[in-house]
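For reference, the structure discussed in these notes is given below.
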Amino acid sequence: MSFSVYTRGAGAAAGADANPIKVMIVDDSVVIRGLFSRWIDEDPELEVVATYRNGQLAVDNLERVAPDVVVLDIEMPVMDGLTALPLMLQKLPHTTIVMASTLTKRNASVSLKALSLGATDYVAKPETNSNVSGNDEFREELLAKLKGLGRIPKRRAEKRRSLGMRPMRAETSAGQQSASASSAAARFDPRAALQRAKQRAETEAPAYRTRGYGSVVPKILCIGSSTGGPQALLRMLGDAKGQLARVPTVITQHMPRTFTTILAEHLQKAIGRPAKEAEDGELLRNGTIYVAPGGLHLRVLSKNGVAVAELGEDEPINFCRPSVEPMFETVADVYGAAALAVMLTGMGADGAAGVEKLGAAGASIIAQDELSSVVWGMPGAAARTGMCSEILSLDQIGPKCARLLEGALR
């Protein structure tokens, strides 16, 4: 058979969520399909509903299976993952898709392209099946992402309902549309509904304490990001690129080796500014974007009165390496109130302690808001510190950074 449908065993069902996250696995390796299925079905919050050996089978059966999250391999016969991705999103636009690929330069580039086409995240598989099966770290990463991302469409639907925003309904026929047009127009004003939703969001959203912007023109821009980060970085840096020549930009994006190399290349091409992985001991120059290499923490130190990058392979922080914490904390030490920090979309709470230290030093700090974030873990944790200057949507962050960098202090 081309796919398998699994039922949960008694051990997995005990204490399970009444509505476990439904997972579809698409991979041409029978070993990987079996291994992922066993891992997932051992977790009471997850349930494998189908597996397929190529993208065409997954596309054909997507609506019938209706998964919450899809693990999609890149290299497969008949139809590869990159081809299947937009077809799947066309059928079920709110499906969460996690790309799975081995750590090669080509696959890293393809994975980033997949994110631009609508994939939510990726996992980097070890190079051989034997390395996958015995890799507890990879297993934990996969399961954490499936659980963290699998309920996003449901949570967003609940959020939209709480704001009074109704889902769109497809028209059944041109005749029905014509017959009901006048009565529908009388019942529904889209602009008024959107305005009511915005007003309700402003009044019902949790109030997070903010502290205003610092009194010093920023001399460095530092950014933390994770899930959803690559696309968010492209957007915000693209919006701010006219002023990026004034300062060095340092970025910690949760990514493995090779992926950060490709990310830097993509940023340089898209934004038109020099972008590279940071090198140990190098001087941080105005106008250059420095990305923390995968597997290494990036810190900023002062040596002989100039800021330099320091890379370290010390223990993970918040289960992350690179971690946002050491970058934010050392930027606070070196730049103090002359730092501008941004926390973008991402799972977990990495960087929150660094936000507190930056805030105590008088730095300006922006967190991405919940509605524009893929996952509001890291920016939400930053917001809850009470140290953020402002909480903004993604389309507001880049222009705001540009104004701050050119000297507008509010």
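The values are calculated or read from the model by the stated rules, or taken from the named source; none is laboratory data. Values in this document were obtained by computation on a predicted structure and should not be read as measured data. Every residue, glycine among them, receives a Cβ derived from its backbone with ideal geometry; neighbour counts consider all protein chains shown.
Show the residue pairs that are 6+ apart or on different chains and have beta-carbon atoms under 7 Å apart, the first residue being within region 333-361 and among the polar types (S, T, N, Q), the second being crowded, with 19+ Cβ neighbours inside 10 Å and assigned to a helix (DSSP H, G or I).
Cβ pairs passing all conditions: Thr345/Gly229; Thr345/Ala232; Thr345/Pro379.
Determine, yes or no, whether Ser302 is within 20 Å of Val123 (Cα to Cα), of a type outside the set (A, V, I, L, M, F, W, C) and at pLDDT 95 or above. Spell out how you get there, then give the answer.
Working: within 20 Å of Val123 (Cα to Cα): no; of a type outside the set (A, V, I, L, M, F, W, C): yes; at pLDDT 95 or above: yes.
For Ser302, the condition - within 20 Å of Val123 (Cα to Cα), of a type outside the set (A, V, I, L, M, F, W, C) and at pLDDT 95 or above - is not met.
Just checking, which of Gly242, Gly224, Gly238, Gly212 is assigned to a loop (DSSP other than H, G, I, E, B) and either in contact with a Gly (Cβ under 8 Å, 6 or more places away or on another chain) or not assigned by TED's automatic domain parsing to the domain that holds Val123 (or both)? Lay out the reasoning, then the answer.
Values: Gly242 fails: assigned to a loop (DSSP other than H, G, I, E, B); Gly224 fails: assigned to a loop (DSSP other than H, G, I, E, B); Gly238 fails: assigned to a loop (DSSP other than H, G, I, E, B).
Of the residues listed, the single one that is assigned to a loop (DSSP other than H, G, I, E, B) and either in contact with a Gly (Cβ under 8 Å, 6 or more places away or on another chain) or not assigned by TED's automatic domain parsing to the domain that holds Val123 (or both) is Gly212.
How many residues are under 16 Å from the mean Cα position of the chain (by Cα) and surrounded by fewer than 18 Cβ atoms within 10 Å (Cβ to Cβ) if we restrict to region 233-265?
Looking only at that region, the number is 2.
So Lys276 ticks every box in (1) touching a Pro at 6+ places or on another chain (Cβ under 9 Å); (2) surrounded by fewer than 18 Cβ atoms within 10 Å (Cβ to Cβ) but one. Which box is left unticked?
(1)
Among residues belonging to region 363-380 that are hydroxyl-bearing (Ser, Thr, Tyr) and touching a residue at least 60 places away in the same chain (Cβ under 8 Å), point out the one that is farthest from Ala232 (Cα to Cα). Working first, answer last.
Going through region 363-380, the residues hydroxyl-bearing (Ser, Thr, Tyr) turn out to be 364, 372-373.
Checking the rest, the ones that are also touching a residue at least 60 places away in the same chain (Cβ under 8 Å) come to 364, 373.
Values: Ser364: 19, Ser373: 9 Å.
In this case the residue turns out to be Ser364.
Being within 20 Å of Asp121 (Cα to Cα) and in a helix (DSSP H, G or I) is the filter here; which residues of region 36-70 pass it?
Matches in region 36-70: Phe36, Ser37, Trp39, Ile40, Gly55, Ala58, Val59, Leu62.
Quick one: which residue in Ile366, Ile391 is surrounded by fewer than 24 Cβ atoms within 10 Å (Cβ to Cβ), of a type in the set (Val, Ile, Thr) and not in a loop (DSSP other than H, G, I, E, B)?
Numbers: Ile366 fails: surrounded by fewer than 24 Cβ atoms within 10 Å (Cβ to Cβ).
Of Ile366, Ile391, the one residue that is surrounded by fewer than 24 Cβ atoms within 10 Å (Cβ to Cβ), of a type in the set (Val, Ile, Thr) and not in a loop (DSSP other than H, G, I, E, B) is Ile391.
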